[in-house]
Each structure stands twice: as C-alpha cells, then as structure tokens.
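Student: First the structure, then my questions, so here it is.
The values are calculated or read from the model by the stated rules, or taken from the named source; none is laboratory data. From a predicted model like this one, the values you see are computed outputs, not experimental measurements. Note that each Cβ is placed from the backbone with ideal geometry, even for glycine, and that neighbours are counted across all protein chains shown.
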Amino acid sequence: MKQKSLQASLLEILLPLALIFGLVLLLSLNVGQTQQAETAQAPLESWLKLIVGYLAATAEIAAALVIGLAVIRGILLYLLQTFSRSRQHIDSTEVVRLQLGRVLALGLEFTVASDILRTAVAPTRQDILNLGAIVLLRTLLNYFLEREIQQVEQSRSKNYQNAEQPENTQ
C-alpha cells in the first residue's frame, strides 16, 4: 500500500515536470529559426490555404467566445454568491472556479483545433513545433484541472459522509 502511494506521489511530481521540460525544449527549438522562402504554390493550394485560414479563424473566434462568455458567467455567479450571504460560500467559489477551468480547457481545445488546421496545409518545421508546444501545454493544463477536480470531489464526499453520520450525544 505504501509502495503504491510512493509511486503515485512520484508520478504526480514527475509527469508535470516532464511535460514542462518538453514544453521548454520545444520552445527553445523555436529560437533562432528563420522563415524559409515560400516556394511557388499551385492555385489549388492557395485556395486550400485560404479556406483553411477562414476555418482556423472561425475556431479562434469560437474559443474567444466560449472563454469570454465563461468569464462573464463566472463573474456573475461569484458576485451572486458573494452577496447571497450563503454558508457554503467557500464551496460555491470552488464550483465557480472549476467551471471556469473546464471552459478554459474547452477554449484551449478550440485553439488547438485552429493550430491543427493551420498546420494541415503545407506545414513548416516551425508550425509543427508550435503545435507540439500548444498540445503539451493543453495536456499540462488538463492534468492539473483533472487533479483538482478529483481533490474537490474527494473532499466533498468526505464532508457528505461526515454530515450523514449521526453524532453521539449523551
């Protein structure tokens, strides 16, 4: 049991560190790269790039809308909870924060989709490195978000179990 706990603790430390190291490595590869001269493009390729550019811009607009609306919703919910004088203010604040985190992860998915679209048509080495860095960052954010959600759910279940147990009063 103790061995599994030690392995889980090491995994919780080493996985984020490895992802951060990979992100730093990818970003350091970008330094000093110069743009290569564009080669002659076929007319079909230029049309494809134009269409993909519009699709990528649409995905970025969707990401901005999703994140912007979530921020507005989070602010409104937080203000309602602050002024409602509720006893569960701390728990409800965590709920707002976790909802915002989930939506940020969704917005990040849209930005990754946009980058994948841009990389799909005649990718350069720089495009592929940027996409790798973004995917690593998204993985890192999702890892921490999921970990935090699990911690909140575990603390809620413990609080719920403690509330259900009858107190022995004599």
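Student: Loosely packed, with under 13 Cβ neighbours inside 10 Å, part of a helix (DSSP H, G or I), β-branched (Val, Ile, Thr) and modelled with pLDDT under 95: is that true of Ile61 in this structure?
Tutor: no
Student: Here's another thing I want to ask about it. Tally time: how many residues in region 41-58 are over 15 Å from Ser114 (Cβ atoms) and surrounded by 15 or more Cβ atoms within 10 Å (Cβ to Cβ)?
Tutor: Within region 41-58, residues that are over 15 Å from Ser114 (Cβ atoms) and surrounded by 15 or more Cβ atoms within 10 Å (Cβ to Cβ) number 1.
Student: Collect the residues in region 106-162 that are in a helix (DSSP H, G or I), farther than 26 Å from Thr93 by Cβ and of a type in the set (Gly, Ala, Ser), keeping them in residue-number order.
Tutor: Across region 106-162, the qualifying residues are Ala113, Ser114, Ala120, Gly132, Ala133.
Student: Mind checking which residues of region 105-120 are of a type in the set (A, V, I, L, M), surrounded by 17 or more Cβ atoms within 10 Å (Cβ to Cβ) and at pLDDT below 85?
Tutor: Leu108, Val112
Student: Oh, and also: Condition check: modelled with pLDDT of 80 or more and farther than 30 Å from Leu14 by Cα. Does Tyr160 satisfy that?
Tutor: No: the conditions fail for Tyr160.
Student: Right, another one. With Thr119, Thr82, Thr111, Thr139 as the choices, which residue is touching a Leu at 6+ places or on another chain (Cβ under 9 Å), free of Cβ contacts under 8 Å to residues at least 60 places away in the same chain and among the hydroxyl-bearing types (Ser, Thr, Tyr)?
Tutor: Step by step, each of Thr119, Thr82, Thr111, Thr139 is checked, and only Thr119 is touching a Leu at 6+ places or on another chain (Cβ under 9 Å), free of Cβ contacts under 8 Å to residues at least 60 places away in the same chain and among the hydroxyl-bearing types (Ser, Thr, Tyr).
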